[in-house]
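Right, one structure below, let's go through it.
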Amino acid sequence: MIVQNVSEEGFTDISFTVPKDELRSTLEAVQEAAAKVGAKQITHDDSVSKISVVGLGMARQSGVADRMFRALAEAGINIQMITTSEIKISVLVHRDEAQQALRLVHKAFSLEQAPAPVSTESQPAKPGQPVERPRTDAADVVSRLQGVDMEDLVITSVELDAEQATITIHGVPDTPGVAANVFEQVAAAGIFVDMIVQSYDGREGEASLSFTVRREDCEASLAAAKKLAAEYSCKAVVSNPAVAKLSVSGVGLRSHTGVAIRMFRALAAAGINVEMINTSEVRVNVIVEEGQGERAVAELRSAFHDVLR
């Protein structure tokens, strides 16, 4: 997982996960990098586990994230980090609570039941009912990956969505139930959320929570976020109604750390600032200013031309 949240007072939070047995070498590298970029603080936690909900069609359904978050909140399980993609929502929880969290999320989505019939329309997930899981043609999947070694890197697309807006709540209490309440309120307003990022910002008991929505939903999302921020005595709510999302998708991203490096280096060389990051095993998403979107996607397509199919 790689998460970068929207900056606050000129500084941003970058969080990422590594295998526990690589923590020592990672900290050594991070300390050297932090000195170069002028980072204020480095924190780490070696007692966390990742819980993920994975499914096709999640990008077309609302209510998936808040159902997951509510299941954890009702058990008093705190979410430390969040990252999402079109097929996956991942959260970090304390390792001692991981098995309980896994059982709760499994139950929340009624995974013991047979999949419902395919639906092509976006519908809210209803409590107690399984989320619709579209069937896929296995032969089609195999044909697309035929001849591809799963350790090889193949980029299948570099895409631009220039119609997004960001909402960020700074100083969110790092306690169970906050994320569930935020996205239940947003869903109640009929707003579809795309990216979700929660990072640990290094201050005791606080986190930053950001999400993206369609540009036309920015004002309604901002109003819902401000209401919740007042309820939880958060520090600030900020928005940017004119951003673009860049997505690099492919096979082998997890085993090729160079994908993120190549992506971030290409944007940096072009003088394009990255405002948000979230990742999954098959996709890296970043948010940039809307006016830089077209140039950014051209730079990325050039950077990945040798592995883009």
So in the range 69-109, with the set limited to residues that are over 13 Å from the mean Cα position of the chain (by Cα) and within 20 Å of Gly190 (Cβ to Cβ), which one is surrounded by the fewest Cβ atoms within 10 Å (Cβ to Cβ)? Arg70
Does Ala65 qualify as being closer than 27 Å to Gly171 by Cβ, touching a Lys or Arg at 6+ places or on another chain (Cβ under 9 Å) and in a helix (DSSP H, G or I)? no
So the check is Cβ under 9 Å with 6+ separation or different chains; which pairs have a first residue in the range 161-179 that's over 12 Å from Leu228 (Cα atoms) and open to solvent by 10 Å² or more (accessible area, probe 1.4 Å) and a second one that's among the aromatic types (Phe, Trp, Tyr) and modelled with pLDDT under 90? Asp174/Tyr200
Do you know which residues across the range 25-41 are farther than 23 Å from Val91 by Cα and either of a type outside the set (Asp, Glu) or under 23 Å from the mean Cα position of the chain (by Cα) (or both)? Ser25, Ala29, Gln31, Ala33, Ala34, Ala35, Lys36, Val37, Gly38, Ala39, Lys40
Take Lys40 and decide whether it is of a type in the set (Lys, Arg) and loosely packed, with under 10 Cβ neighbours inside 10 Å. yes
Check on Val6, under 19 Å from Asn278 (Cβ atoms) and in contact with a Lys or Arg (Cβ under 8 Å, 6 or more places away or on another chain): no
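The values are calculated or read from the model by the stated rules, or taken from the named source; none is laboratory data. Owing to the predicted nature of the structure, the values given are computational and were not obtained by experimental measurement. When we count neighbours, we look across all protein chains shown, and the Cβ atoms used for this are built from the backbone with ideal geometry, even at glycine. Only protein heavy atoms, including side chains, enter the accessible area calculation; ligands, DNA and RNA are left aside. Shrake-Rupley method; radii C 1.70, N 1.55, O 1.52, S 1.80 Å.
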